[in-house]
Amino acid sequence: MTKYRTHYCGKVKEKDIKQIVTLSGWVENIRDHGGVIFVDLRDESGTIQLVSNDDKIFSEISKESTITVKGKVRKRKEDDYNDHLLTGTIEVVVDELTIISKAKNVLPFEIITSHEVNEEVRLKYRYLDLRNKKIHDTILLRSRVLKFIRQKMENLGFCEIQTPIITASSPEGARDFIIPSRKYHGKFYALPQAPQIFKQLLMVGGFDRYYQIAPCFRDEDGRADRTLEFYQLDFEMSFVEEEDVYRIGEEIFKEIFTTFSSKKVTSVPFPRISYKEAMEKYGTDKPDLRNPLIIQDVSDIFQETLFKPFRGVTVRSIVVDEIANKPNSWFNEVVDYATSIGMPGIGYLSLLEGKFKGPIDKFLTEEDRKKLIEKTNLKEGSVIFFIADKEEKKCAKQAGLIRDELGKKLELIDPNCFEFCIVNDFPMYEYNEEEGKYDFGHNPFSMPKGGLTSLEKLPIEDILAHQYDFVCNGCEMSSGAVRNHEIKTLEKAFALAGYTQEEVKTKFQSLYNAFQYGAPPHAGMAPGIDRIIMLLKGENNLREVQAFPMSVSGQDAMMGCPSTVTEQQLKEVHIKIR
RNA sequence: GGUCCCGUGGUGUAGCGGUUAUCACGUCUGCCUGUCACGCAGAAGAUCGCGAGUUCAAUUCUCGUCGGGACCGCCA
């Protein structure tokens with residue numbers, strides 16, 4: 001093929017026996033037996049064993065150096081087959097060797113065990129870590145998934161359109177990365193948090209179905225599953241309704257997860273769960289439906305109770321069957337977990353031989369016990385856990401965490417399936433305690449359910465948005481909305497969040513202006529690419545699925561980033577460092 | 001911004017108020033003609049993150065600082 005190779009290492013076959021081949025790659029391992037030396041040579045296709053009886057020929061090489069070898073393919077003796085290699089029945093007897101680039105003797109870490117190494121070191125030498133088969137395969141999988149997505153989107157009639165990376169800072173949502181302007185003193189560009197406004201403008205521009213594998217930038221603190229830059233499959237459609245987007249989303253997710261994984265995937269249509277129901281039954285807006293436990297509200301039973309912490313507050317319960325005979329230590333661990341998430345404790349009752357047992361039983365009346373059994377369908381051997389707080393939101397959230405913990409602790413979560421659902425009917429506004437006003441709950445460009453009429457007539461807390469999340473195994477995979485394309489409704493929606501008409505005009509001038517010239521109803525969503533790969537690979541860290549990730553603290557030790565710039569550079573963009 | 005955890009040869013670790021600082025992998029040297037994460041024998045390699053304090057004595061305890069990570073806040 002080239003002067004470097006006639007074959008790829010992993011592609012040499014038994015049919016090539018007695019052929020002279022040229023191979024290039026990395027020295028994975030050297031085994032010197034004195035008189036016979038073996039070298040494992042690796043390229044992207046796989047590994048093949050090189051052999052020589054001439055101890056001089058390999059004398060200068062080191063592990064992870066790149067070399068080119070020429071030699072004859074030979075069949076191994078049957079006793080010497082290696083089942084772990086694609087090329088395990090053959091080997092190459094080397095008679096010419098060229099060292100292309102010698103690696104230092106001491107590597108920062110061994111390639112095969114890189115996953116055990118401190119992340120900082122791995123990231124600094126990411127190019128070495130990328131030689132590790134597992135990571136390498138993840139990046140290759142990512143490439144195949146991207147190809148699949150593009151093909152799928154094209155088949156569904158979407159066209160790929162690229163939108164600007166250097167754009168205007170926008171006030172809503174996350175903190176922007178800003179870029180100082182050289183030509184315009186004191187002004188700034190910004191990197192997009194998402195192509196949100198551009199894709200809406202594309203709809204106004206008459207593109208019926210748009211998509212893009214779009215980089216998004218958010219200057220916020222990282223997490224295991226959140227980084228400064230990430231990719232979304234951003235798409236938008238015009239003249240459609242919420243269900244139309246669901247169907248596309250379901251098709252995409254279902255096909256990706258069935259194509260690239262053998263785990264069981266929820267069949268379509270995915271269950272729809274309203275935000276309210278999700279918060280009540282699962283204590284989160286991203287429920288893990290693999291967990292069979294359900295939260296139930298039992299506040300009414302305890303309205304008048306003698307047990308003070310439960311009286312007149314929100315009380316949620318989780319019933320777990322067949323665990324009443326767990327030892328005290330087990331329940332103590334649950335209590336410990338509850339305290340660790342800031343709960344004062346956690347009440348529980350076991351139903352054994354028709355009688356309640358547990359620390360709070362003495363506060364219950366016979367009537368309470370009857371109602372509890374009836375309402376929560378308690379069975380012999382069941383245990384009911386109680387989560388109480390005077391703030392309903394906090395109670396729901398803690399109940400959600402307890403539900404997760406119990407699910408994990410009791411191994412109720414099937415690791416072999418992808419359970420999808422669509423959470424919808426998000427509230428349009430949320431009360432901001434600090435500022436004493438209402439903010440947008442989600443995306444401010446979402447259409448309120450019922451349009452302008454709802455905005456004008458309903459109490460602000462009751463206004464719902466055409467806003468939805470796709471959730472898989474407790475992980476938010478995609479957010480989307482039917483957009484608000486009506487100028488009057490948009491003005492009113494912003495007015496309720498405290499924006500004047502003038503502010504809307506200036507801060508969102510592009511949309512505000514565009515919507516004066518015939519806007520189509522439109523809707524879309526944006527699945528997170530990194531999270532898809534994470535789930536497919538069973539990883540819970542985003543940095544395992546990106547080729548060159550930054551550290552969680554936003555630094556790149558390999559590139560030395562962020563870095564200082566010269567005085568001259570600063571001067572040109574009119575920036576002074578304090 | 002907050003809470004918690006971590007920092008010991010190249011890598012992963014053990015450990016302790018007084019050690020020659022443990023072990024494994026890797027590296028180097030020697031031996032070995034069939035290994036495949038070869039084996040055997042030997043060697044080198046550590047300012048125990050940095051600074052201060054307590055102490056006769058600190059890698060060990062305390063405080064600070066720097067670096068890293070998990071989570072909360074923030075963020076879809």
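The values are calculated or read from the model by the stated rules, or taken from the named source; none is laboratory data. Keep in mind the model is a prediction, meaning the values are calculated, not measured. Heads up, the Cβs are rebuilt from the backbone with ideal geometry, glycines too, and the neighbour counts pull from every protein chain shown.
Overview of results
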| item | result |
| --- | --- |
| Residue under evaluation A:Gln151, criteria (1) modelled with pLDDT under 95; (2) not small (Gly, Ala, Ser); (3) not in a loop (DSSP other than H, G, I, E, B), criterion not met | (1) |
| Filtered residue count, segment A:478-506, keeping only those that are surrounded by fewer than 16 Cβ atoms within 10 Å (Cβ to Cβ), farther than 12 Å from A:Met447 by Cα and touching a residue at least 12 places away in the same chain (Cβ under 8 Å) | 1 |
| Extreme residue, nearest to RNA strand B (Cβ to nearest atom), among residues of segment A:118-135 that are closer than 30 Å to A:Lys15 by Cα and surrounded by 15 or more Cβ atoms within 10 Å (Cβ to Cβ) | A:Asn132 |
| Failed item, numbered, when A:Lys371 is tested on (1) touching a residue at least 60 places away in the same chain (Cβ under 8 Å); (2) not in a helix (DSSP H, G or I) | (2) |
| Sole exception among (1) modelled with pLDDT of 95 or more; (2) closer than 25 Å to A:Tyr125 by Cα for A:Glu60, by number | (1) |
| Qualifying strands (runs of 3 or more DSSP E) (wholly inside segment A:221-301; at least 2 residues being touching a residue at least 12 places away in the same chain (Cβ under 8 Å) and in contact with a Pro (Cβ under 6 Å, 6 or more places away or on another chain)) | A:229-238 |
| Answer residue from segment A:108-117, given it is near RNA strand B (Cβ under 6 Å from one of its atoms) and farther than 12 Å from A:Glu28 by Cβ and is modelled with the lowest pLDDT among those | A:Glu116 |
| Selection count, segment A:222-263, where residues are surrounded by fewer than 18 Cβ atoms within 10 Å (Cβ to Cβ), within 30 Å of A:Cys561 (Cα to Cα) and modelled with pLDDT of 95 or more | 0 |
| Odd one out for A:Leu156 among (1) away from RNA strand B (no atom under 13 Å from the Cβ); (2) more than 23 Å from A:Gln555 (Cβ to Cβ); (3) at pLDDT below 95 | (3) |
| Residue pairs meeting the criteria (Cβ under 6 Å; at least 6 apart or on separate chains; first farther than 22 Å from A:Ile61 by Cα, in segment A:104-127; second more than 6 Å from RNA strand B (Cβ to nearest atom) and outside any helix (DSSP H, G or I)) | A:Leu123/A:Ala557; A:Lys124/A:Ala557; A:Lys124/A:Met558; A:Arg126/A:Phe548; A:Arg126/A:Met558 |
| A:Ile387 vs. criteria surrounded by 21 or more Cβ atoms within 10 Å (Cβ to Cβ), farther than 30 Å from A:Glu255 by Cβ, hydrophobic (A, V, I, L, M, F, W, C) and touching a residue at least 40 places away in the same chain (Cβ under 8 Å) | yes |
| Condition check for A:Leu141: under 20 Å from the mean Cα position of the chain (by Cα), not in a loop (DSSP other than H, G, I, E, B) and not assigned by TED's automatic domain parsing to the domain that holds A:Ile529 | no |
| Residues of segment A:332-363 that turn out to be touching a residue at least 40 places away in the same chain (Cβ under 8 Å), closer than 19 Å to A:Lys409 by Cβ and hydrophobic (A, V, I, L, M, F, W, C), as a count | 5 |
| Residues being free of Cβ contacts under 8 Å to residues at least 40 places away in the same chain and more than 8 Å from RNA strand B (Cβ to nearest atom) - total across segment A:70-94 | 2 |
| Candidate set: segment A:95-105, residues that are surrounded by 14 or more Cβ atoms within 10 Å (Cβ to Cβ) and over 38 Å from the mean Cα position of the chain (by Cα); chosen: the one nearest to RNA strand B (Cβ to nearest atom) | A:Lys102 |
| Single residue of segment A:1-26 satisfying the filter (outside any loop (DSSP other than H, G, I, E, B) and of a type in the set (S, T, N, Q)) that is surrounded by the fewest Cβ atoms within 10 Å (Cβ to Cβ) | A:Thr22 |
| Index of the failed condition, A:Ile387 passing every other in (1) in a loop (DSSP other than H, G, I, E, B); (2) under 34 Å from the mean Cα position of the chain (by Cα) | (1) |
| Test result for A:Ile213, surrounded by fewer than 18 Cβ atoms within 10 Å (Cβ to Cβ), touching a residue at least 60 places away in the same chain (Cβ under 8 Å), assigned to a strand (DSSP E or B) and within 15 Å of RNA strand B (Cβ to nearest atom) | yes |
| Check on A:Leu191, within 16 Å of RNA strand B (Cβ to nearest atom) and touching a strand residue (DSSP E or B) at 6+ places or on another chain (Cβ under 6 Å) | yes |
| Unique match (being touching a strand residue (DSSP E or B) at 6+ places or on another chain (Cβ under 8 Å), assigned by TED's automatic domain parsing to the domain that holds A:Asp389 and not acidic (Asp, Glu)) among A:Thr339, A:Thr314 | A:Thr314 |
| Unmet criterion (only one of (1) surrounded by 11 or more Cβ atoms within 10 Å (Cβ to Cβ); (2) of a type in the set (S, T, N, Q); (3) within 16 Å of RNA strand B (Cβ to nearest atom)) for A:Gln509 | (3) |
| Residue under evaluation A:Lys286, criteria (1) of a type in the set (Lys, Arg); (2) farther than 25 Å from A:Met428 by Cβ; (3) under 17 Å from the mean Cα position of the chain (by Cα), criterion not met | (2) |
| Answer from A:Lys11, A:Lys63 - the residue that is of a type in the set (D, E, K, R), closer than 25 Å to A:Leu130 by Cα and more than 10 Å from RNA strand B (Cβ to nearest atom) | A:Lys11 |
